[in-house]
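Data first, discussion second: the structure below is written as structure tokens.
The values are calculated or read from the model by the stated rules, or taken from the named source; none is laboratory data. On a predicted model such as this, the values are computed, not experimentally measured, just so you know. Cβ atoms come from the backbone with ideal geometry, glycine included; neighbour counts cover every protein chain shown. Surface accessibility is based on the protein's heavy atoms, side chains included, excluding ligands, DNA and RNA. Shrake-Rupley method; radii C 1.70, N 1.55, O 1.52, S 1.80 Å.
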Amino acid sequence: MNKKYLVVLLPAIFSITSCTPEDKACLEMFVGGLRPVATDRADRFEGKVAKTTAFCRGGQRAVDFMAFPWVDWGNYYATGDAGSRYPGDTGNAPLSKNGLGVGGALLDLEYQRIELIKFNLFDNNGTYRTYILGNNRKAGPTVKSWDELRLPKDHPNYAQVGGDAPQQVCTGDLIRKRTLTGICNDMLNPLMGSTNQLFARNVEFETTFPEKALNELTRNRHGGRIGLLKPDPQVISRRLFTRAQSHPDACRAGLGTDCDYQRAPFFNVMAAFWIQFMTHDWFSHMEEGHNAAGYENTGCATQLVNNREEPLSPADIARLGCHPEDRIDVGFVAQNTPPGLFTRPGSPRQYLERAPLTMRNTNTAWWDASQIYGYDEISVKRVKRDPADPAKLLLMPLPGKSAADGLYLPLLAASDPMNPQWAGQEATAFPDNWTIGISVLTNLFAREHDIFVDEFRKQARLTPTADCGLRNPASQSKVIRYQDVTPEELYDVARLVVAAEIAKIHTIEWTPQLLYDEPLYEGMNANWSGLIGSSNQELTKILQRVVKTFGKSNDPNFATTWYSAFASGPGIVGIGSKDRHWDITKPASVNGGVNHFGSPFNFPEEFVSVYRLHPLVPDLLEYRDLKGDPNRIAEKVPVLNTFRAKATEMRERGLGNWALTFGRQELGLLTLRNYPMFIQNLPMPRLESATKEIDVAALDLIRDREHGVPRFNEFRRQYGLRQLTSFDDFVDPDPNLPAPARAEQQDRSRVLRELYGQHVCDASKIITDAQRNADGSPINDCLGKPNGTLIDNIEDVDTIVGYLAESRRPHGFAISETQFVVFILNASRRLFSDRFLTSSFRPEFYTTLGLNWVNNNGPGAPVIEKGQPNGHTQPVSPLKRVLLRAIPELAPQLANVVNAFDPWARDRGEYYQIK
Ligand code: HEM
């Protein structure tokens, strides 16, 4: 809004009520206007606002927490539970104290997103040079197609996309569906997001692979202290990741009858398996469940003693319980030759063209349910279609049971391509690390696929000659009637629908429960369907017009910078699909809604790192029986007894019982000392090693180091978050923190100091150019302390260790703010970049039935949830609807469930209560 109006308007508004000190701060904040988006990465927002702004949005409490490294918005009014609301202020009306709190948080998050899009996109394919230098016609961030993403000459579809024409364009059948390898999602960049493309980066290439100490800043930052096995990953695992057990004999390292774990009271085990199921769709570094040839050590060899590395004695090894003989197959590397360099006219700075090493994403990067449907010629052979109706996935009764008892995936046949470890498992595209959790979710969505096909066929019987909405671009004017749709077309439509439902569940159901507070509820719903919602049609139209206008702005750099903010109005999903003149024959229509912000879409290595969420998994599943007493834990089943082929036996207990089990049980908190016991000794029969076991917790650290993920402090600086200056910064500064929690956090800091050590700092050594000190000076090795001080080696902390050690988090956050900032960027981007969720989110691809199915969470009109959970009138959530359709026997258990990822029997209580 124009400042002139604000100056006139706001005193009037505040004069209506008596003017408090907070009101005055708000006035000052409004008059100050919006802060500009940073032009230099070192001047970023960092999640920190001016004192008056903090006071306006959260009062003295918000001001008190400003001194700490953590983002400010978590201390604003109404961003926590009922206790965070301004006294006497009900609701979240825009200019009320609560409204200013929640609105302020959303604004802060939007600033973060804008600057993340601006400063954190680094593509490894060779397009980064264009991003920095632009091409002949355009500034880098506004470039929309790249030669590097053309199909190569030997690709079977080369001719179909125009061969060596100056601009390859996908056409015909290639654009009608989610293709097997993910090519042609973007019509102008056929290779983008397809199988075997390179992982991207979110951090400057120069900061990757810090162990290699490739430049002076990195050398200064780590002083030669870190390496692939330095500090020792198994020692870190055993000292910082192991779950404390009150009865180790009962737990028996995850194979017993009773194991302790730290629980997240507002998130269930269904959510843990859900996110593993998602990652199997999005990315993988492995091929067919294995890595490259060759084996490497995984540690259990050394420890720091008084800041000196010393070998572990046999007694140390026995005490720690680690395994010096564990070996793992080495990770794949795509390129390891030194990257090229380039400069910018008029600047001495040299830029790397890519990271020193690159890795391939062996999956499609799209949200295309490829874990179910396949991502290459091998994986698709495991996907079975129903011979009686090839539009359907093959589902069968269990041996000795009837269809009425439920239908399940067939098992892998001996003729199917498979890693021998998978023998006896269910047949699906991505079978690695299979447990009963992944089995239930895969069966659930296979059932959903077939339910959609049944509904479509029902409609086809009722109205065979009606227009189903689908179109073939080869004959665009020809109406496709329900009766004309081939089984192949219907299969592809059902895949589109299932993939979009999954994306929707993740965006508006899983994530708001992971981040259980009002700003994130609003923010995630805005990503999907807009901040302003359908109730305000006029505003929707205005915002849509703004987006369109910005798309055509004369200053494309400006338009790109602000695009994500304006997209929050109408929502990202469906952007570019509502144009009255939309035309399936025109790439400008079909592809016009995508925005890659100048950098081709793929997941960055940093994203994989923050999704290493193994602590979510409990050791024992608290099995419940629908037909018995659902309120009683009938048995505790080790996850390991449901692993790989053992899931096949377990599924005979029925999808309903397992869904109830996962729905009721709380998952593991993402924090230190909470890795599953079983995962530290995971059996891996495929390995050629003495133990044939692996400590996956240690492997998480090793893989991150192999992939060149910067260590925690630089990781935060790169993403525009404040650095830490000592291990003590991990302790929550809240004065009301209960004493036992404080003691535990202090103990972790002590162990961090032992494991990572300390050094005498040298203030002449500059360690980063991503941020500066408050006075504008460069950040040096002493992190603000006097030269020569003995300081913590906080720079060396592995990113996973750091994000698990963060104890101060916004209310209801199951993840830390460091993980969250990675999500802000990439969760939006995978919507913005996907044609099928933007400009091709239309009946021509989904059919009218399919599009409505996604929008309304199933067939027919939307169904509204009873009551007003957390003050919202909202549709019954999409996963709850899928569960009710595919496992109807769950209906009584789901009656009072609002979000299928909230422990099912939990009383949600008042506003965002988490206990
Ligand atoms: C339930 C039991 C689970 C088992 C047995 C398991 C096992 C494994 C193993 C063995 C690896 C290492 C592969 C390698 O680099 O050689 C791995 C990687 C990984 N796991 Fe898990 N995992 C489980 C659950 C989860 C969950 C709940 C998540 C949550 C998102 C998760 C996310 C990941 C990620 C992101 C990777 C890296 C994948 C890549 O590099 O492409 N896992 N897991």
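What to note about this one:
- Only protein heavy atoms count here; under a 1.4 Å probe, residue 782 has an accessible surface of about 0 Å².
- Unit Cα scatterers, Debye sum, the range 265-316: log10 I(q)/I(0) for q = 0.26, 0.28, 0.29 Å⁻¹: -1.02, -1.13, -1.17
- Whole-Å distance, taken between Cα centres, linking the range 689-762 and the range 244-296: 20
- Helices that extend 30 Å or more along their long axis by alpha-carbon positions and average at least 0.0 on the Kyte-Doolittle scale are, among the DSSP H runs of the chain, 97-119, 436-462.
- Accessible surface calculations at 1.4 Å, restricted to protein heavy atoms, place the range 423-524 at 27 Å² per residue.
- Sequence of 61, 495 when ordered by accessible area, the most exposed leading, probe 1.4 angstrom: 61, 495
- Rounded to two decimals, the Cα radius of gyration of the chain over 2.2 N^0.38 Å is 0.92.
- Exposure check, 1.4 Å probe, all protein chains in place: residue 581 carries approximately 140 Å² of accessible surface.
- Rolling a 1.4 Å probe over the protein heavy atoms gives the range 748-867 an accessible area of 29 Å² per residue.
- Length gained when the stretch residue 896-residue 378 is fully extended (0.36 nm per residue, less Cα-Cα span): 182.2 nm
- Dipole check for the range 354-458: with +1 at the C-beta of Lys and Arg, -1 at the C-beta of Asp and Glu, and the Cα centre as origin, the magnitude is about 160 Debye.
- Legend: residues 379, 84, sorted from most to least accessible area (1.4 Å probe; ligands, DNA and RNA excluded), read 84, 379.
- Dipole check for the chain: with +1 at the C-beta of Lys and Arg, -1 at the C-beta of Asp and Glu, and the Cα centre as origin, the magnitude is about 1900 Debye.
- The chain, accessible surface, carbon-and-sulfur percent (1.4 angstrom probe): 55
- Charge dipole (the range 658-772, unit charges on Cβ, about Cα centre) - positive-most of 724, 759, 659: 724
- Rounded to 5, the percent of DSSP beta bridges in the chain classed as antiparallel: 95
- Take the range 171-249 with all the other protein chains still there, run a 1.4 Å probe, and you get 32 Å² of accessible area per residue.
- Within the full protein context, the accessible area of residue 360 is estimated at about 110 Å² for a probe radius of 1.4 Å.
- R0 of 56 Å, Cβ-Cβ distance residue 588-residue 868: FRET efficiency to nearest 0.05: 0.85
- Farthest towards the positive end of the charge dipole of the range 747-818, among the residues 788, 816, 771, is the Cα of 816, using unit charges on the Cβ of Lys, Arg, Asp and Glu.
- Dipole magnitude (debye, nearest 20) for the range 200-300, charges at Cβ of Lys, Arg, Asp, Glu: 440
- At a Cβ-Cβ separation cutoff of 4.7 angstrom, cysteine residues of the chain with no neighbouring cysteine are 19, 468.
- Order of exposure, largest accessible area first, which applies to 411, 699 with probe 1.4 Å: 411, 699
- Considering the range 647-751, its Cα convex hull presents a mean projected area of 11.4 nm².
- Comparing 171, 160, 208 along the charge dipole axis of the range 116-270, the residue lying farthest to the positive side is 208, per the Cβ-charge model.
- For the range 312-390 versus the range 569-596, the inter-centroid distance based on Cα atoms is 32 Å.
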